[in-house]
Amino acid sequence: PPPTLPYHLLAGYTYWQRADYGVNPEHPPLAKLVGAIPLLFMHLNVSGPSRDVSKPVANRMGVNFVYRNDADSVLLRSRLAEALMGLTLMVLLFEAGNRIFSAGVAWISVVLGVFEPNLLAHSALVTTDIAFTLFYLAAVYAFWRVAEEPTPLRLAGCGVMSGLALASKHSALILIPTLAVLAAVEIASRLKNVAGAGAAPRPALAREIRHWTGRLIVIYALAVLVLWGFYGFRFQARPDGLPLWSGFPAYAALLKGHVARWTLTTAARFKLLPQSYLFGLIDVMIVTAGPRISFLREHLYPHALWYYFPVVFVIKSTIGFLGLLILGLAAFRGWAGESYRKVAYILIPPTLLMGAALTAGTNLGVRHILPIYPFLILAAAAGAWELFRRGKAWAIVVAVLVLFHMASSLHTLPNYLAYSNELFGGTANTYRNLSDSNADWGQGLLEARQYLERRNIKDCWFAYIGTADAAYYRLPCKMLPNPFLKGQDTIPPDSYHGVVLISGTNIAGSYFGTDALNPYGDFLKAKPVANIGGSILVYEGDIDLRRAAAIAHMFKAWEFFDAKNQEAAIQEALKAGELAPDHPGPPYIVGYILAQAHRTAAARAQLEDSLKLAEAAHPEFQPAWANAAKAQLARLPK
């Protein structure tokens with residue numbers, strides 16, 4: 001089952017069938033198109049075009065698209081199609097290792113790549129990450145080939161690979177400075193050769209700058225042309241005059257900084273890039289601007305951490321690979337070559353990508369730095385081969401580290417998404433160190449059902465987080481509230497004796513917050529009776545569900561309010577307040593409803609209580625509640 005985002009599958013299918021790029025414009029289309037290819041040969045029950053394709057609506061449409069059909073077949077076929085890119089990446093690793101270094105380096109690279117848990121985890125998911133990883137390496141390697149011999153065919157190949165990278169993920173824009181820096185490396189290398197030959201450096205410098213500038217222009221132009229091709233060479237995101245889920249100028253106005261806003265609106269005005277691509281770029285910039293809650297090593301932070309991704313890289317990589325990488329970097333003089341061009345091509349691309357990640361306002365998962373792995377694998381393999389040839393002792397060290405890498409990977413099979421190495425407790429403890437796509441991304445439902453069937457458990461509660469339809473997997477559990485479920489048919493009891501399953505990301509509180517805001521935070525300190533695939537934790541006995549029940553009552557209150565039943569909504573909110581007296585949500589809901597009923601004095605009292613609660617404990621995690629209360633208080637009549 002998941003993680004495969006139904007939203008992405010719906011988008012890819014819609015692109016093929018209707019060329020409607022307004023569905024999931026947040027991401028470029030390549031990976032979604034690949035994942036949807038097998039679905040074109042299936043007889044699927046698909047709803048017609050919708051005018052509203054906003055994120056919440058399209059997410060629901062995506063779930064319906066997958067789970068109102070034969071979801072097992074849909075998911076298997078789409079993931080097998082996506083896995084072809086992972087297989088292609090292994091072939092490319094061998095080719096790059098062999099061409100840049102030697103056959104020995106190529107074989108070690110493939111062994112490291114085939115057993116790399118993070119590449120295995122994301123190679124068969126219908127997401128953007130493995131496509132970007134593949135084509136980022138492909139574009140850089142194609143640029144190496146251009147530097148070897150700048151023929152028109154090789155220039156075209158580099159341009160096409162760069163375009164495929166751009167069509168994979170918005171992060172691929174990092175290719176623009178990456179190729180420019182590598183061009184500067186080539187210029188410097190040639191000048192060094194000219195100086196060594198005793199020729200005049202100034203004319204040579206001008207000539208090399210002119211040549212490489214021209215080559216970059218050709219590569220960039222071809223890349224943009226390929227990107228346009230993925231949008232059918234049409235500027236408008238949606239066919240037949242259908243609108244995007246937000247007006248472009250209004251959405252661009254949400255950007256921080258005048259330069260970014262002006263750049264993107266100007267690009268849209270002159271139709272320099274497809275509208276859907278520009279709209280998605282705005283969305284990425286808004287999301288990554290932060291602040292957004294981060295979870296690392298059992299601690300929740302109200303903002304991104306600059307050191308997050310380096311720490312995640314260490315946690316999520318095998319000890320064997322880390323050891324080989326350290327040795328490879330230490331032995332770089334042995335594999336660098338005379339001009340150090342190899343070092344530049346292997347280390348500059350991951351360094352620039354990691355540098356960009358350090359400045360991001362979101363800390364979501366190692367998948368966001370996944371493209372650094374092939375480059376670092378090549379560095380580790382180059383160093384390993386260099387040491388392997390130095391003598392028997394070094395050969396044994398290299399062999400042991402490679403075997404440890406393989407063993408650690410096989411040990412976590414098939415739970416690669418939740419992998420962490422043995423220094424941090426292994427896969428079973430990843431949920432204590434990391435959250436979201438690092439540990440629990442909604443996977444494990446089939447395994448959870450099998451666990452419950454083996455133990456003949458017929459009654460349970462489950463705090464699931466993910467995009468799958470849990471009912472499809474026939475779990476006997478009733479569902480506890482989660483951040484993405486805004487309606488709850490069944491209110492859980494305040495106290496429950498039995499079995500409770502909780503997704504690791506819910507325990508971390510990445511989408512709830514800390515303390516009073518997170519109904520599952522206390523489970524981080526409790527010892528589960530079972531750990532299903534590193535992502536779903538099982539607890540048994542007398543379990544306090546008061547905070548979860550409070551969240552469910554709040555959801556129910558909004559349901560009643562939407563149904564125009566204000567009194568029932570108030571009663572639900574008051575029940576939530578009794579169960580979670582330190583949560584700012586219940587008084588806010590009551591105050592909001594009273595304000596709509598023009599009961600100003602009572603509304604003001606409730607909203608002021610909500611604001612006090614939001615500012616009393618960990619206000620850094622509660623700006624949304626505080627701002628909402630302030631906004632409602634400002635609207636009340638004096």
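The values are calculated or read from the model by the stated rules, or taken from the named source; none is laboratory data. This is a predicted model, so every value here is computed, not measured. Heads up, the Cβs are rebuilt from the backbone with ideal geometry, glycines too, and the neighbour counts pull from every protein chain shown. The accessibility values were calculated without ligands, DNA or RNA, using every heavy atom of the protein model including side chains. Shrake-Rupley method; radii C 1.70, N 1.55, O 1.52, S 1.80 Å.
Quick notes
- So Ala569, is it in a helix (DSSP H, G or I), within 37 Å of the chain's Cα centre (by Cα), crowded, with 18+ Cβ neighbours inside 10 Å and touching a residue at least 60 places away in the same chain (Cβ under 8 Å): no
- Residues that are open to solvent by 30 Å² or more (accessible area, probe 1.4 Å) and either over 20 Å from Tyr511 (Cα atoms) or small (Gly, Ala, Ser) (or both) within region 612-627 comprise Lys612, Ala616, Ala617, Ala624, listed in sequence order.
- Whichever residue in region 273-289 is within 15 Å of the chain's Cα centre (by Cα) and not hydrophobic (A, V, I, L, M, F, W, C) and, among such residues, is nearest to Leu305 (Cα to Cα): Thr288
- Matching residues in region 447-488 - criterion: being of a type outside the set (A, V, I, L, M, F, W, C), assigned to a loop (DSSP other than H, G, I, E, B) and more than 26 Å from Asp562 (Cβ to Cβ): Arg455, Asn456, Lys458, Asp459, Arg474, Pro476
- Filter result (modelled with pLDDT of 95 or more and assigned to a helix (DSSP H, G or I)) within region 419-436: Glu422, Leu423, Phe424, Thr427, Ala428, Asn429, Thr430, Tyr431, Arg432, Asn433
- Region 394-414, residues that are open to solvent by 50 Å² or more (accessible area, probe 1.4 Å) and within 22 Å of the chain's Cα centre (by Cα): Leu413, Pro414
- Among the conditions (1) in contact with a Ser or Thr (Cβ under 9 Å, 6 or more places away or on another chain); (2) in contact (Cβ under 8 Å) with a residue 60 or more places away in the chain; (3) within 29 Å of Ala448 (Cβ to Cβ); (4) of a type outside the set (Gly, Ala, Ser), Leu30 misses just one, which is (3).
- Phe230 being among the aromatic types (Phe, Trp, Tyr), closer than 26 Å to Met161 by Cα, within 24 Å of the chain's Cα centre (by Cα) and open to solvent by 40 Å² or more (accessible area, probe 1.4 Å): yes
- Residue satisfying all of: in region 292-307; among the aromatic types (Phe, Trp, Tyr) and outside any loop (DSSP other than H, G, I, E, B); surrounded by the most Cβ atoms within 10 Å (Cβ to Cβ) among these: Phe295
- Flag for Ile286 being open to solvent by 20 Å² or more (accessible area, probe 1.4 Å) and either touching a residue at least 40 places away in the same chain (Cβ under 8 Å) or of a type in the set (Phe, Trp, Tyr) (or both): no
- When residues of region 588-610 are limited to those that are out of contact with any Leu (no Cβ under 7 Å at 6 or more places or on another chain) and open to solvent by less than 60 Å² (accessible area, probe 1.4 Å), the one nearest to Leu517 (Cα to Cα): Ser610
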